[in-house]
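Dropping the structure in here first, questions after.
The values are calculated or read from the model by the stated rules, or taken from the named source; none is laboratory data. This structure is a prediction, so every number in the text was calculated from the model and none was measured. Because the Cβ atoms are built from the backbone with ideal geometry, glycine has one as well, and the counts that use them run over all protein chains shown. Surface accessibility is based on the protein's heavy atoms, side chains included, excluding ligands, DNA and RNA. Shrake-Rupley method; radii C 1.70, N 1.55, O 1.52, S 1.80 Å.
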Amino acid sequence: MIENNFFKLKVKYLVQDPDKGSISKKTSEYVLKAVSFTDAEASLLECLKDDFEYNLVSCSKFNIQDVRIDETKEGYFKAKIVSTSSDVDNGKTSKIIDNYIIQGDNIEDVNKSIKQLLSGSVMDYEIENIQKTKIEKVFYEVNK
């Protein structure tokens with residue numbers, strides 16, 4: 001079984017300001033689903049090949065369960081959701097922490113998306129944290 005993982009990649013590149021004519025360095029973050037670090041780097045190269053030349057600064061595994069994309073929204077937010085599960089046999093309760101990347105314009109959008117995502121859940125959950133990220137783009141299905 002091949003496990004799909006999410007990776008966060010940071011790249012640096014040069015940008016020219018059209019008004020001032022000056023050139024500055026910019027750093028951007030991208031997230032994509034891949035089977036390995038090598039696959040993630042190759043996939044990003046394929047995704048950005050027509051956009052600009054860049055230097056890869058970092059590539060790391062990104063601990064998220066899934067991504068919710070809504071192309072009509074502007075930003076990407078990371079949501080931390082804590083669920084509780086009870087074992088009826090031994091009476092113990094355990095916490096399950098899930099992280100999601102959700103595209104939205106603001107925290108209210110993300111909150112609404114989370115409620116839709118978990119509407120059929122049988123476990124109790126709490127939205128512990130929602131924070132705006134610096135992610136520029138998520139490439140969910142690169143090699144499909």
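Report, to the nearest 10°, how far helix 107-117 tilts away from the longest principal axis of the Cα atoms in the chain, using its own Cα long axis and a range of 0 to 90°.
Between the helix axis and the principal axis of the chain, the angle is about 50 degrees.
While we're on this one: Could you point to the residue in 122, 7, 35 farthest towards the positive end of the chain's charge dipole, with +1 and -1 charges on the Cβ of Lys/Arg and Asp/Glu respectively?
Selected residue: 7.
Sum up the charges of everything whose Cβ sits under 15 Å from the Cβ of residue 84, counting Lys and Arg as +1 and Asp and Glu as -1, but leave residue 84 out.
-2
So, one more: What's the local net charge at residue 52, with K and R +1, D and E -1, over the other residues with C-beta under 11 Å away?
Residues near residue 52 contribute 0 overall.
Would you look at the GNM of the chain, springs on alpha carbons closer than 10 Å, and say which of 66, 17, 105 moves the most?
Highest fluctuation among the options: 17.
Shifting gears a bit: Nearest 20 debye, what's the magnitude of the dipole of the chain about its Cα centre given +1 on Lys and Arg Cβ and -1 on Asp and Glu Cβ?
400 debye
Taking the Cα centre of the range 63-143 as origin and charging only Cβ (+1 Lys, Arg; -1 Asp, Glu), how large is the dipole, in debye to the nearest 20?
Computed charge dipole of the range 63-143: roughly 200 debye.
Order the following by accessible area, largest value first: 49, 20. Probe radius 1.4 Å; ligands, DNA and RNA are ignored.
The most accessible residue leads, giving 20, 49.
Another one. Restricting to DSSP loop positions (anything but H, G, I, E, B) with no more than 15 other Cβ atoms inside 10 Å of their own Cβ, which GluC sites (Glu not before Pro) remain in the range 50-144?
When the GluC sites (Glu not before Pro) of the range 50-144 are filtered for loop state and at most 15 Cβ neighbours within 10 Å, 53, 71, 74, 141 remain.
Moving on. Net charge around residue 73, counting only other residues with Cβ within less than 10 Å of its Cβ (Lys, Arg = +1; Asp, Glu = -1)?
So the surrounding residues net to -4.
For the Cα atoms of the chain, what angle does the longest principal axis make with the long axis of helix 37-48, in degrees from 0 to 90, nearest 10?
Once rounded, the angle reads 50 degrees.
Return one whole number: the accessible area per residue of the chain in Å², for a 1.4 Å probe.
67 Å²
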